[in-house]
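*Asks:* Can you keep this structure in mind? I'll have questions shortly.
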Amino acid sequence: MKNEETISAIATALGTAGIGVIRMSGENSIDIADKIFDKDLKTARDRSIIFGHVKNAAGEIIDEAIILIMRAPKSYTKENVVEIQCHGGAAALREVLSRTFEAGARPAERGEFTKRAFLNGRLDLTQAQAVLDVIQAKTSTALSIAQNQLSGKTSKKIHSIRQNILEVLAHIEALIDFPEDDIDAIFINDIDKKIAAQIDEIKIFLDNQKSGRILREGLETAIIGKPNVGKSSLLNFLAESERAIVTDIPGTTRDSIEEFVNIGGVPLKIIDTAGIRNSDNPVEKIGIERARDCASRAELIFALFDGSRELSSEDAEILKLIENRNAIILVNKADLPQVIDTSQFENFIPISIKKNLGVEKFMAAISEKVGNVNAEMNFVRDEREADLLRRAVKNLEEARFTLQKNIGIDFISIDLRAALELLSELTGESVTEDVIDEIFSKFCIGK
């Protein structure tokens with residue numbers, strides 16, 4: 001796809017930094033850079049690096065910079081690409097970016113660089129979306145999975161499934177073209193097995209949907225308990241920093257505090273909530289209500305109880321909140337004389353956050369609750385992909401039913417083609433412009 005417009009955007013995060021990068025892509029990107037730079041760029045060799053200065057319309061120096069030239073098709077977008085590396089201050093970046101607009105570029109839209117890479121055939125849709133996952137990865141495991149998808153691991157598996165379905169379709173359509181040939185039971189059984197095998201491959205993606213979402217977004221995890229049981233201390237322990245205030249004064253935490261932590265490569269979105277108790281303080285009451293709300297929607301709950309105190313009515317409320325929920329019960333302060341009656345707990349882990357006791361058992365319990373997640377798994381990225389795969393499975397199952405019941409071989413062809421179309425939409429070979437726009441609108445500007 002040839003795009004006449006040249007786009008420009010800041011490609012690095014805003015803020016003060018040693019270096020900031022402005023990226024341009026389009027047929028005229030080198031000519032535009034040449035207009036604002038004090039060195040000749042039109043004759044520069046491909047993939048060359050040139051040091052010089054960016055100047056304003058009056059010829060005054062804005063900033064010294066390094067220019068990287070990447071001529072089509074050997075670039076991220078397969079278009080002419082120029083990257084301007086200047087100082088990372090906000091003023092310098094804004095001035096240089098403005099100069100690219102004055103010289104003929106237009107502001108890039110969200111994800112437009114990656115969108116052009118997709119439209120120009122450098123990436124398929126699963127790889128393009130993996131770019132966003134690489135940027136947003138919160139753990140090394142999430143990053144490894146995103147890199148696998150970016151390198152084409154998911155694409156290769158989907159293409160393999162499509163190829164196997166195409167081979168079955170070729171056999172079916174050959175029989176349609178030569179109806180005088182008899183279809184024996186061995187042939188039907190062989191075709192049925194091949195279709196069933198592709199259904200199984202697709203279901204692996206669907207089975208891993210939850211794990212994929214957890215790795216991208218983090219597992220929402222609430223820490224709940226009455227005041228002074230060690231909730232904030234637990235958050236600080238997991239975050240490996242003094243994220244929350246810890247005191248002996250009940251009710252210190254009056255609002256929810258969120259922090260992403262890495263547990264065995266899996267990101268947990270930890271929410272430290274206000275201590276649940278009866279309170280007349282209007283601010284604390286709001287925090288307590290938010291704590292109850294967090295507990296109701298959390299996918300995992302760490303319920304803390306104080307082993308050095310007897311169970312109270314507040315503890316009883318917490319036990320009700322975690323009934324039939326995915327929860328880990330922690331009896332804290334195991335280093336102190338134990339007074340609590342643990343007969344009301346079906347399973348619990350005695351720990352001491354202060355003395356670092358019971359931590360290994362706690363970490364093992366988290367891993368068990370989260371389930372098996374590894375970087376080699378194939379993942380469904382979002383609900384759109386899951387829906388496409390579920391519909392493809394339905395078409396393939398209908399093809400098997402038609403085959404087994406001998407309803408009509410031409411109907412099998414229709415179902416197989418429908419499944420192929422859905423898989424093509426997944427990789428972007430057959431997808432509407434509205435879907436493309438929606439996907440890339442989730443990207444940041446400059447990527």
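The values are calculated or read from the model by the stated rules, or taken from the named source; none is laboratory data. Fair warning: this is a prediction, and the values are worked out from it, not measured in the lab. Note that each Cβ is placed from the backbone with ideal geometry, even for glycine, and that neighbours are counted across all protein chains shown. Ligands, DNA and RNA are stripped out before the accessible areas are found, and what is left, the full protein with its side chains, is counted by its heavy atoms. Shrake-Rupley method; radii C 1.70, N 1.55, O 1.52, S 1.80 Å.
*Asks:* Kindly indicate which of F302, F379 is in a strand (DSSP E or B), within 30 Å of L215 (Cβ to Cβ), touching a residue at least 12 places away in the same chain (Cβ under 8 Å) and within 28 Å of the chain's Cα centre (by Cα).
*Replies:* From the options F302, F379, the qualifying one is F302.
*Asks:* Can you name the condition, by its number, that K115 falls short on among (1) more than 25 Å from G18 (Cβ to Cβ); (2) part of a helix (DSSP H, G or I); (3) open to solvent by 10 Å² or more (accessible area, probe 1.4 Å); (4) touching a strand residue (DSSP E or B) at 6+ places or on another chain (Cβ under 9 Å)?
*Replies:* (4)
*Asks:* Tell me the residue from E201, E289, E258 that is open to solvent by 20 Å² or more (accessible area, probe 1.4 Å), modelled with pLDDT under 80, assigned to a helix (DSSP H, G or I) and not basic (K, R), please. Even if it seems obvious, please write down each step before you answer.
*Replies:* On the way: E201 fails: modelled with pLDDT under 80; E258 fails: assigned to a helix (DSSP H, G or I).
Within the list E201, E289, E258, the selection yields E289.
*Asks:* Still on this structure, please answer the following. From R391, R384, grab the single residue that is open to solvent by 60 Å² or more (accessible area, probe 1.4 Å) and outside any loop (DSSP other than H, G, I, E, B). Lay out the reasoning, then the answer.
*Replies:* Numbers: R384 fails: open to solvent by 60 Å² or more (accessible area, probe 1.4 Å).
Just one listed residue meets the conditions, R391.
*Asks:* Of the numbered conditions (1) in a loop (DSSP other than H, G, I, E, B); (2) within 22 Å of I135 (Cβ to Cβ); (3) not β-branched (V, I, T), N228 satisfies every one except a single condition; which is it?
*Replies:* (2)
*Asks:* Let me ask something else about it. Could you tell me whether any residue of region 337-348 is modelled with pLDDT of 85 or more and either open to solvent by less than 40 Å² (accessible area, probe 1.4 Å) or within 30 Å of R23 (Cβ to Cβ) (or both)?
*Replies:* Yes, region 337-348 has at least one match.
*Asks:* Restricting to region 151-173, give me the number of residues that are free of Cβ contacts under 8 Å to residues at least 60 places away in the same chain and surrounded by 20 or more Cβ atoms within 10 Å (Cβ to Cβ). Quick ask: steps written out before the conclusion?
*Replies:* Keep residues of region 151-173 that are free of Cβ contacts under 8 Å to residues at least 60 places away in the same chain, which gives 151-152, 156, 160, 163-164, 167, 170-171.
In the following step, the residues that additionally are surrounded by 20 or more Cβ atoms within 10 Å (Cβ to Cβ) were identified as none.
Residues meeting the conditions: 0.
This table checks each residue for (1) within 30 Å of K226 (Cα to Cα); (2) among the aliphatic types (A, V, I, L, M).
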site	(1), (2)
A334	yes, yes
N356	yes, no
F411	no, no
L416	no, yes
E425	no, no
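*Asks:* Six or more apart or on different chains, Cβ atoms under 6 Å: show the pairs whose first residue is in region 425-447 and closer than 28 Å to E83 by Cα and whose second is open to solvent by 60 Å² or more (accessible area, probe 1.4 Å) and of a type outside the set (A, V, I, L, M, F, W, C).
*Replies:* Filtered contacts from region 425-447: S441/R110; F443/R110; I445/R110.
*Asks:* Checking V54 against (1) free of Cβ contacts under 8 Å to residues at least 24 places away in the same chain; (2) touching a Lys or Arg at 6+ places or on another chain (Cβ under 9 Å); (3) assigned to a strand (DSSP E or B): exactly one of these is not met. Which one?
*Replies:* Checking V54 against (1) free of Cβ contacts under 8 Å to residues at least 24 places away in the same chain; (2) touching a Lys or Arg at 6+ places or on another chain (Cβ under 9 Å); (3) assigned to a strand (DSSP E or B), the one that fails is (1).
A quick yes/no check of all residues on (1) at pLDDT 90 or above; (2) open to solvent by less than 60 Å² (accessible area, probe 1.4 Å); (3) within 18 Å of I161 (Cα to Cα); (4) out of contact with any Cys (no Cβ under 8 Å at 6 or more places or on another chain):
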| site | (1), (2), (3), (4) |
| --- | --- |
| L396 | yes, yes, yes, yes |
| I409 | no, yes, no, yes |
| I414 | yes, no, yes, yes |
| E429 | no, no, yes, yes |
| F443 | no, yes, no, yes |
| K447 | no, yes, no, yes |
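*Asks:* Okay, moving on. Out of the residues in region 57-71 that are in contact (Cβ under 8 Å) with a residue 12 or more places away in the chain and of a type in the set (G, A, S), state the one that is least open to solvent (accessible area, probe 1.4 Å).
*Replies:* Taking the candidates together, the pick is A65.
*Asks:* Consider region 96-110. How many of its residues are over 28 Å from the mean Cα position of the chain (by Cα), touching a residue at least 40 places away in the same chain (Cβ under 8 Å) and surrounded by fewer than 19 Cβ atoms within 10 Å (Cβ to Cβ)? Quick ask: steps written out before the conclusion?
*Replies:* Step one: list which residues in region 96-110 are over 28 Å from the mean Cα position of the chain (by Cα), which gives 96-106.
Add one more test, that the residue is touching a residue at least 40 places away in the same chain (Cβ under 8 Å), and what stays is 96-97, 99-106.
Checking the rest, the ones that are also surrounded by fewer than 19 Cβ atoms within 10 Å (Cβ to Cβ) come to 101-102, 104, 106.
Selection size over region 96-110: 4.
*Asks:* I've got another one for you. Of the residues in region 34-50, how many are surrounded by 13 or more Cβ atoms within 10 Å (Cβ to Cβ) and in contact with a helix residue (DSSP H, G or I) (Cβ under 7 Å, 6 or more places away or on another chain)?
*Replies:* Looking only at that region, the number is 2.
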